[in-house]
Structures are given as C-alpha cells and as structure tokens.
C-alpha cells in the first residue's frame, strides 16, 4: 500500500511547513488505510485538523503494529497515533498530557460460540494483538484464574476478526471503537467480558522535539473543553452503526436449540437412570472446579455461614481490604457507606439481603488501615434444599480507577480546566433548568476590557493568573449564584430570585452589575505585579417571556457589546431596541451582499470646479437603489460594508467603473482631460494586494492613471504608517494622483502630513457648512488653506452650497470647490459640461 501525504497550505509569507512522518496500522475505525490507499479514521481526522492549524505537512506510512512501535522508538516515524500508556513504553516514548481518546477492551465472539462469562473461555481460541496493552492484561487475567485458554497472537487486528468470522478462532480481544465497527463488518457478537479502560495518545520518540506533542496537547485541550467543537463531531462520525441480529438468525438458532433439546431427551431416555446419575456427577465436578477457580481469581470473595461468621476469604479479599480471616469486624463486612449517605450502610445492607435474597451496588469501603476505595459489592444469600439460608457469599470489585476516570471525563465535559468554573455546556444546562422552572433570574455577561494587551505584553501565564483571580473574585461576589467561564476573557454569572417581581429583579440586576464593574476595578496581584483592569457587563433578565437559552445568550452578548460601545467599564441592561438594531444591520448586510455584483449599484459623478467655473474634475460616488429598501444612503450602507468586509468587492467595482468612465470621457482629441476622484476605504488600503489590484484594474480597463485620483482618509494611515506611505509612493510612481479626504476631522497630525506623498487636501464639509457663522470653522478652514499653500498642495473645499460660502472661501485663498452650488451627483449619461 502506497504511503499518503497531506500538505497544510501555509501563507506564502510563512516559513516552510514542518514535515511529519505518521505511522498508520490497520485498526479501523480509529486508524487505517481505506481501499484507495488513503489514510483515514478517527485519529487521522484529528491529526489532519491539528496539522492544518499548526501548518504541518503530514506523510502517512503504512506499517504493522509491532513495526510501527519500533519505528517511532528509533525515530523513523515522527508520530504514532492510538498508543496506550504503560510503564515500559513510557521509558522509550514521549507521551503528551492530554489523551486523544478514552477506550476499553471487549471480547468479541463468533456467533456460533457461546461465551457468556470468563468460565466459558475454557479451551477456547482467543486472538490478541501481539504486544498490545490488553494482550498482557488479559493473559495475566486468565493465568490467575486457572482457566485454560489458547491465546493466538495477531499482527493485524482486522485479520483477527476475519479469522474469528471464519471459525479459525473462537473470539478476539479488541478496543471498543475498532471492535464495534469490525464486529458489524464480520458479523461477530460482543460479550459481557469488558475490562481495562485506557487512555490513547499520539506518541513520538524520545529524540523528537517536545513542541510537536505540546501543540497537540493545546489543541485537544481546547476541543475537549468545548462540547460543540470538531472533536466531538469526529467522535460521532466514527461511532458504531447498527448491530442488531436479523430475525432469520434468531429463527435458525431457535430451531437448532429445539433439535438439540429433542436429541438430549432421546439420549436421556435411552441412558435412563445411569445417564442421569453420571450427568449429575459431572455437573457437580464442573461446578466444584469452577467454584474453586472463581474463589482463587483476582476478584475479592468471602463466604459466611448463616450467623454471618466468616468461614473463608480468598487472597484477593485480604489484599484489597487489608483484613485477614480472623480480623474482620462483627457482621462479616468491612465498614462501608453509599456516596449519598453519611451513615454506615452495613445494617441497611443486611436488611435488604434478608428481604430480597441479594443486593448489589457501589459502596465506599474502608480498608483496615483507614483508607477507602470504591467497589461494586455483591452479597448473596445461599439457601439449602429446604429453603433455609445456609451461607452468604460476598464479592468486591475495586472500581476506584474507573471512578477517577469518570470524574476526569466529567471535569473535561463540564468544567473549565484553567479556572475550575463550569463551562459553557454546564451553564446552558443550568440556564435551561432555571428557565423551565419559571424562576425570575438575571444573566450577567462579563468581558474584560483590553485583556489581549496584557497577554501580549506580559505573556499568557500572567494572563491565565489574572483569569483565575477574576474567577475567584466573581465567585465571592456571586455567593450562591453560578459563575461560569465561556472562554477567553468572557464570564457569565447566573443569579436566581424565585420569589422576586420583575421590577425588583431589574433593579437588583443593575446594582449587581455595577458591583461587578467596581470589583474588577480593584487591584489584582499578579505574582508581585500590580494590575488594574476594567470590564464591560451586559445584563439580560429571565422573566418567563418564553425566550430560549440561545435567545438569552444572544441578548446578554448584545447588552455586553452595547456597554463596550458606551466606552467600556460600564454595565448595560438589554432592551428590545438592541435586538432591532442588530436585525436591521444583519438584514442590511444580507441585502448588500446580494446587491454587489448585480445591477443595484450605480455610480454618480459630482463636478469639481475652479473659481472661474471651469470643470477641473469629478468625484465618483456609489449609489444603491435596493428593490426592497429603495434608495439607501451611503452614510448607512458604507459603515456596514466596512464592518463586514464587503467594502472590498464594492470598492473594486467602484474603481473599475470609474476607470471605464475615464476612458470614455478622455477619448483622443479632448482638449481638457477629466480627472475622476475615487474614494478608497482604510480597509482596502490595509490589504496586502491593494496596489496590485489597482494596477491590474488600470491595465484591464486601459485607463490612463493620470485621469484618476484616489481619495484616502487619515484613518487609513493609523495602523502601519510606513507601509501605507510605501503603497502611496508606488501608486504615484505609476501616475495616480492622491488626495487626503476629510482633513481636519480625524487625527490631523502635521508630522504625518508632511510625510505623505499627496497632491491635494480636501476641507471637510462640516467646516464649510457653518463657515459664515462660526469663527472656529473660519480659523480651521484658513489654517488648512495656509498649510496646503506652504506644502505646495492643492486645496479643495467640499460641501459648498451657496455663493456666499464660495466667495468667503475665495477670500481665504481657496479656489477649488465641490458641492451642490456647482452640481449635484448624477449618473454619467446626465452629466453636462464634458463635451
């Protein structure tokens, strides 16, 4: 089978991707090559997604199980999935902290072979994957029990299932995930013999750098903490299919049993009394051998007489409890209690056995040294032929490791590993329960302001320390309320007030939200470093209005973001206007997305003239005529386009149309060229391919760069001044003119202005509008004009609507104008004065 390779495609600016060699052996559905030679399975899906995040290249190499282990140990393989931990492997391999999967071992049998318990394994052929963890465990189990089993070593798990299906072996031991799938495929049945829960890991050789496993740890930790992550989708994808037995098989089995019963009856009749006595003797002998083997097994067993005096106990019982035969307390049982009770359970246990004849359940049992362990305890009353109780038989199975594994799984599923707070999954359950009970309650969504700055400045370890301190402070503040961490620096507090009215709840919620804000302002001690933080709090009330859990979460988020928009470090309560505004924005964005590329947009052109009224240029302005909304103002749709990223395709369309119009208006023979000014968003300027896109459009349309001018705002210069200047210089080198739009309304940095390779300054219309009445606007306009003259820049005023404004500007030294006085924006075909 050919090895397969997957390449994670990094950004062209990123360093070359790291190539990792991954061993793959046939153990479906966890890891295998399919019929087309492609590596697939549960572990393969996980490592492919991790490789994509970490920009690794993967090369999958087929190998047998034992060969895979040897190759990863020697360094021929970088990674091997689906490896269970044991002490021997830990000495030669690197194991990460986070398991990729939890599993356990099951015995699967050929459907024609009856295996209902370990005692049915006598003289059976059982297949085991050679050198696997379950092979060693099961070998020790049968050796200790004294049951004779023929163990068949296997090099390939699927080959073992084929052998079991063909009857070459009676059964096979496999992990639950692989076994369930292969059992369905080869028509095997599972049994009640289930043992050894294990954790399965991605491993590497000792010589490999630890960063590979550390990256896998980080990703698995994030996924396993989020029930909605791709990790749980993959588990469901590779889950077990239908394993029900067809009806005709049951009919055939019933018929075979009926024929067998008839044959036995005939044999019994022929052999008469001698056969019956022989059978009884044989059954008694088998029962004695089985009882002897069971008594000396690894399961703790002890036997008492009718007066509850201990007659015998096996070595496993002594090892588990620490009690020798003569040391057991009166009553024949070590001290024990149920997890939900605080009292000794022995008196109640004997009463239940006397009533029902048997009791079984989980108990916490005390050893002789005072230590405790969790066990499944079974106590059975044995009756003599007359129906009187003659003995009691007890068994104990230590399940402490399983309980710890269950608790670890529960912690992973319901709690945040960093802070120990309930996670999103548990929070949703609690909100749903409070909502279904109709309790008046409030949800507080807390987001720390500028938390990323702390992480970037001091490192994630300090950031994690702050998150733990925030969690502790919120728990102290909330008292009996539930505090949960949604992820990152977001927390939620659920406070219930079952008996309170709606007005009381709202007042109390607002006061508590303000207390949260005040509490977060107090100093945090970060390992000797003082830190002061602020937060934004959004509050939503649960008032029995039928809102779903998702609705409540969305409302809380809206209120929290409203608090951020109000300047942060404040508290805001949700109201319906927030939701209406959100619906308006999302609806507008959806319509805008459909409108781009259709015929809903049109360019209008507004003339720019000099003092003599001569046309010196035009500005291209986008207009949206929606079939549903009518004419939509640019002041409404431009901010939505910038926030959603739709400004990129829209801006490209505007520039392309302006180029084509420039070609039409500047045909050969025209005496005075027409320069079209096009607005460019800061979002466009920040794109790495901004300059190539402009130049490609010029080339595609055949437009002369001298006939186009790009208008940029000061906000385009904020993030990376030098990179923006470099782009502007390249555009000027190709003949494009540049204008600084809305000067004076942004940062108005003179040190920045002198560096910019611009040709023109535009006086914003907000200064022109009140020019005749506001001395401050006069001073600003005059300063801009003087500054432009000093730097050798053209100065044009926009928003000129009256002759008085134009004359006043002329008196100040401004001779170029744009506004309704000189013409409104109109489509190209209505534009006059160009011919």
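None of the figures in this text is laboratory data; all of them are computed from the coordinates on show. This is a predicted model, so every value here is computed, not measured. Neighbour counts are summed over all protein chains in view; Cβ atoms, including those assigned to glycine, are modelled from backbone coordinates with ideal geometry.
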**Ordering of 588-594, 709-715 by burial proxy (mean other Cβ atoms within 10 Å per residue, highest first)** = 709-715, 588-594
**Prompt:** If the convex hull of the alpha-carbon atoms of the range 299-404 is projected onto planes in all directions, what is the mean projected area in square nanometres?
**Reply:** 6.7
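Suppose the chain between residue 751 and residue 734 were pulled fully straight at 0.36 nm per residue; how much longer would it get relative to their current alpha carbon spacing?
Values: separation 17, 0.36 × 17 = 6.12 nm, distance 2.55 nm.
Using 0.36 nm per residue and subtracting the Cα-Cα distance, I get 3.6 nm.
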**Asked** What do you get when you divide the Cα radius of gyration of the range 585-694 by 2.2 N^0.38 Å, with N the number of residues?
**Response** 1.19
**Request:** Using DSSP, restrict attention to beta bridges with both residues in the chain and report what percent are antiparallel, rounded to the nearest 5.
**Result:** 70
**Asked** Over the chain, what relative contact order in percent results from Cα pairs under 8 Å that are six or more residues apart?
**Response** 6
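When a/c reaches 1.5 or more, the comparison of a/b and b/c decides; with that in mind, is the range 47-174 rounded, prolate or oblate per its Cα gyration tensor?
Prolate.
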**Item:** Crossing angle, helix 133-145 versus the chain [Cα axis fit, 0-90 degrees, rounded to tens]
**Value:** 20
**Separation between Cα centres of the range 646-683 and the range 447-483, rounded to whole Å** = 51
**Item:** For the range 4-237: span of alpha carbons on each principal axis (Å, largest first)
**Value:** 64, 34, 32
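Let me check against my output: what whole-number percent is the relative contact order of the range 623-780, with C-alpha pairs under 8 Å and at least 6 apart?
Values: 189 pairs, mean separation 26.5, N = 158.
Normalised by residue count, the contact order of the range 623-780 is 17 percent.
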**Request:** Compute the Rg to Rh ratio over the range 415-574 from the alpha carbon atoms, using the Kirkwood formula for Rh, and round to two decimal places.
**Result:** 0.97
**Asked** Distance in nm between label sites at residue 510 and residue 136, each 7 Å beyond Cα in the beta-carbon direction?
**Response** 6.7
**Asked** What percentage of all Cα-Cα pairs in the range 589-830 are separated by more than 33 Å?
**Response** 16
**Asked** What angle do you read, to the nearest 10 degrees and between 0 and 90, between the alpha-carbon axis of helix 775-791 and the longest principal axis of the chain?
**Response** 90
**Item:** residue 214 paired with residue 49, simple spin-label distance in nm, labels 7 Å along Cα-to-beta-carbon
**Value:** 2.4
**Request:** Please order 762, 122, 18 by the number of other Cβ within 10 Å, starting at the fewest.
**Result:** 122, 18, 762
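Under the 0.36 nm per residue contour assumption, what length would be gained going from the current alpha-carbon distance of residue 602 and residue 324 to full extension?
Taking 0.36 nm per residue and subtracting the Cα distance, the gain is 90.6 nm.
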**Request:** Would you mind checking the radius of gyration and Dmax of the chain based on alpha-carbon positions, in Å?
**Result:** 39.5, 135
**Complete:** Simple spin-label estimate for residue 480/residue 586, 7 Å along Cα→Cβ, in nm, reads 3.6
**Asked** Taking neighbour counts of Cβ atoms within 10 Å as a proxy for exposure, in what order, fewest first, do 202, 451, 584, 32 appear?
**Response** 584, 451, 32, 202
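Using 0.36 nm per residue of separation minus the Cα-Cα distance, give me the extension gain between residue 207 and residue 104 in nm, one decimal. Show your work: numbers first, answer last.
On the way: separation 103, 0.36 × 103 = 37.08 nm, distance 2.98 nm.
The span from residue 207 to residue 104 would gain 34.1 nm if fully extended.
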**Asked** Pairing the Cα long axis of helix 690-701 with the longest principal axis of the chain, what angle in degrees results, from 0 to 90 and rounded to the nearest 10?
**Response** 60
**Asked** Can you give me the relative contact order of the range 299-404 as a percent, contacts being Cα pairs under 8 Å and 6 or more apart?
**Response** 27
**Asked** Assuming R0 = 45 Å, what is the FRET efficiency of residue 116 and residue 371, from their Cβ-Cβ distance, to the nearest 0.05?
**Response** 0.80
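Work out the FRET efficiency for residue 386 and residue 144 from their Cβ-Cβ distance, taking R0 = 41 Å, and round it to the nearest 0.05. Working shown, then result.
Details: r = 37 Å, r/R0 = 0.89.
Step by step, r from the Cβ atoms, then E = 0.65.
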**Message:** List residues of the range 34-61, by number, whose backbone nitrogen lies under 17 Å from a label position 7 Å along Cα→C-beta of residue 185.
**Reply:** 34-45
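Give the calculated FRET efficiency between residue 411 and residue 566 to the nearest 0.05, with a Förster radius of 30 Å applied to their Cβ-Cβ distance. Don't jump to the answer; show the numbers that get you there.
Details: r = 38 Å, r/R0 = 1.25.
After rounding, the FRET efficiency stands at 0.20.
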